[in-house]
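Input: a single structure, listed below in C-alpha cells.
The numbers here are math on the coordinates, done by the rules we state, and not lab data. Please read these numbers as outputs of a predicted model, since none were measured by experiment. Cβ placement follows ideal geometry from the backbone for every residue including glycine, while neighbour counts extend to all protein chains displayed.
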Amino acid sequence: MLETVADLNKNKNLRFVSTKTNKGTNEEKEEIKNVFFFNLKSTTKMKLRITGMADGFGRLASIVDWCRLAGSAVETPCCCVYTVGGHVPHLLHDVIGLVDLFHWNEVIMQIPLSTLIDSWSAVEQFKGGLKKFVGLPDESMLLLTVNDPAHILRSGYNCATSASVFGRAGRHKLDPQLYGRILHAFRADCFQAISDSDNPIDASKKRLNKSVDRTVFFSRACAEFAKQNNEQLFCTVVGGYDQAERIRCCKQLSSLSVEGYSFEGFHNFGDLSALSVGSVVPILKSCFEHLPTERIRFFPGSLDPKQIWRLTQAGIDLFDTSYVHLITEKQEALVVDDNYPYNAEYNYAQDFEPLCKNCYCYTCKNYTRAYVNHVCTTKELLGPMLLMIHNLNQMLEMFRKIRDMM
C-alpha cells in the first residue's frame, strides 16, 4: 500500500487526485483524501466501427481495440458474458476451455461490482489487479458494471452524494472517492459510471428529476477520473419512462468523452419476462437522436431472445447473459427456435435425444435429455453445469444468427 506522496512519486504508473473537506468542529482541520488510479500504459482508444445500419433492422458494427487489447475486435450485436465475482456460474475457467465454449479474446466478460464489493479491499492488498485475482487470462476483456442484472435492484437507498450497492454483507455507499480506489485496485479494462438508476415505473416527476441530476453529477466525476487515468467509460442514461427526462439526461451526457452508454431505469433487474419492450423502443430511439452515433449502446438485464431481437432492431449493440443464469437456476434449457424455452421435466425422462438436435455444444454432443433430466432431478452438481454450457452456447449462437440475418 502507498501511504505518502513520496511513495507515490516513486511509482510512475500511478496518479492521484486530492479533494479537500473541512470538518465542522471547533478543532477545524483540513482532511486530504488521496484517490489513487492506475495509469494504463496503452493509449489505444476503443472504437465502434459501424458496418451497416437500417431503420427497423438495427445496426451491424465492430468494437475495435477493447481498452488495452490492441487488435481485438468484437462483432455486434452481441452479449457480454455474465459472471459472479469474475466466474461464469457453475463453470470453472478450465471447463470453459476444455469444452471450447468460447475464446477469452472473443467475448466481453461482465463483472458486476455488487458481486465483489465486499472483498474489494482484498483485491487492493493483492496488488495484481482483478484479472489475476479471479484467475482470468490477460487477453480477456472486462466490463465492470455497478449493479447485478440477475438480482432485483433495491429501491430507496440512493442519495445526492452516493449510490447504494448491496453485497452479501449488506449495503455499501459508493461515492466517486471510494469508486476511484476500487478502480485502482481492480484495473478493469472498462467501467460503468455510478448512477441513480432507481426509477420505479410509478416514480414521480420530482424523483426522476433527481435521478437525472445525480447521474449526471456522478458521470462527470467518473469521466474526469477516466480522462486522468486513460480508462474506458460507459455512462448511464436514466429517467424512467419520462421521455423529456431521458432526453435531458442524454443532452448533458453527450458532451462527456465516453466509449458507450448503458440504458437503465426501465426496470429493476431480476426476471424481466413482464418488461414491455414496445413501450421502451420509442424512448430509446428518441435518446439515440441526442447521443453520438459511434458509441456502444448497452441494455443490461435478463432479457429473453424475443426481447433481445426487438431491441437489436431498435439499435442496441450490447446485452448480457444474465438470462442464461436465471433459466439455468430454474433447470430450463434454451433452444433458439420456435420452441424456446422448455423445462427439463419428467416428460424428458425417457427422451434420448440431445437437448437440441442442431446444437453442437459439449452437452448436446455427449448427453441426452433423459440424462440431463436425471442429474437435475437428483440435484447433482453436473446438472446446472451441463445446462449452463448448453444455454450459454445457445445465447452466443443466437447473436451469430441475429448478425447473419441483419
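Summing Lys and Arg as +1 and Asp and Glu as -1 over all other residues whose Cβ lies under 12 Å from the Cβ of Pro89 gives a net charge of -2. Gain on full extension, evaluated as 0.36 nm per residue between Glu139 and Phe126 minus their Cα-Cα distance, stands at 2.7 nm.
Each peptide among 310-319, 198-207 gets the average number of other Cβ atoms lying within 10 Å of its residues, and from highest to lowest they stand as 310-319, 198-207.
Near Val81, the amide H atoms lying under 5 Å from its own belong to Ile108, Met109, Gln110; only residues 5 or more places off or on other chains count, and H is placed 1.01 Å from N. Annotation: amide H-H contacts under 5 Å for Asp148 (H modelled 1.01 Å from N, sequence separation of 5 or more, or interchain): Ser114. Around the amide H of Met53, modelled in the peptide plane, lie the amide H atoms of Leu60, all under 5 Å away and 5 or more residues distant in sequence or on another chain.
Karplus-derived 3J(HN,Hα) values for region 56-62, using 6.51 cos²θ - 1.76 cosθ + 1.60 with θ = phi - 60°, are x, 10, x, 8, 9, 7, 9 Hz; glycine and proline are entered as x. Counting only Cβ charges, +1 for Lys and Arg and -1 for Asp and Glu, the dipole size of region 47-329 around its Cα centre is about 840 debye.
The calculated FRET efficiency for Ser254 paired with Ala54, based on their beta-carbon distance and R0 = 22 Å, is about 0.40. What shape does region 72-140 have by the C-alpha gyration tensor, where a ≥ b ≥ c are the square roots of the eigenvalues, rounded means a/c under 1.5, and otherwise prolate means a/b greater than b/c and oblate the rest? Prolate shape, in that a/c is at least 1.5 and a/b is the bigger ratio. Between the beta carbons of Lys306 and Ser119, assuming R0 = 45 Å, the FRET efficiency works out to 0.75 to the nearest 0.05. Does region 215-255 come out rounded, prolate or oblate by the C-alpha gyration tensor, with a ≥ b ≥ c the root eigenvalues, rounded set by a/c under 1.5 and, if not, prolate when a/b is larger than b/c and oblate if not? Prolate shape, in that a/c is at least 1.5 and a/b is the bigger ratio.
Counting 0.36 nm for each residue step from His103 to Thr293 and taking away their Cα separation leaves a gain of 65.5 nm.
By per-residue mean of other Cβ atoms within 10 Å, what is the highest-first order of 80-93, 355-368?
Numbers: 80-93: 19.8, 355-368: 17.0.
Averaged packing, sorted descending, gives the order 80-93, 355-368.
Where in region 269-303 does the amide nitrogen come within less than 15 Å of the point 7 Å from the Cα of Tyr157, taken along Cα to Cβ? Only 269-270 fall inside the zone, counting backbone N under 15 Å. Taking 0.36 nm per residue of sequence separation and removing the Cα-Cα distance, the Lys285/Lys227 pair yields an extension gain of 18.0 nm. Once you reduce region 118-134 and region 361-406 to the center of their Cα atoms, the two points are 32 Å from each other.
Calculate, for Ser204 and Ala274, the FRET efficiency according to 1/(1 + (r/R0)^6) with r their C-beta to C-beta distance and R0 25 Å; round to the nearest 0.05.
Given R0 = 25 Å and the Cβ-Cβ separation, E is 0.70.
Would you mind checking region 380-403 for residues with the amide N under 14 Å from a putative spin-label position 7 Å along Cα→C-beta of Asn358? The answer is 394-395, 397-403. Taking a ≥ b ≥ c as the square roots of the eigenvalues of the alpha-carbon gyration tensor, region 47-329 is classed rounded because a/c is under 1.5.
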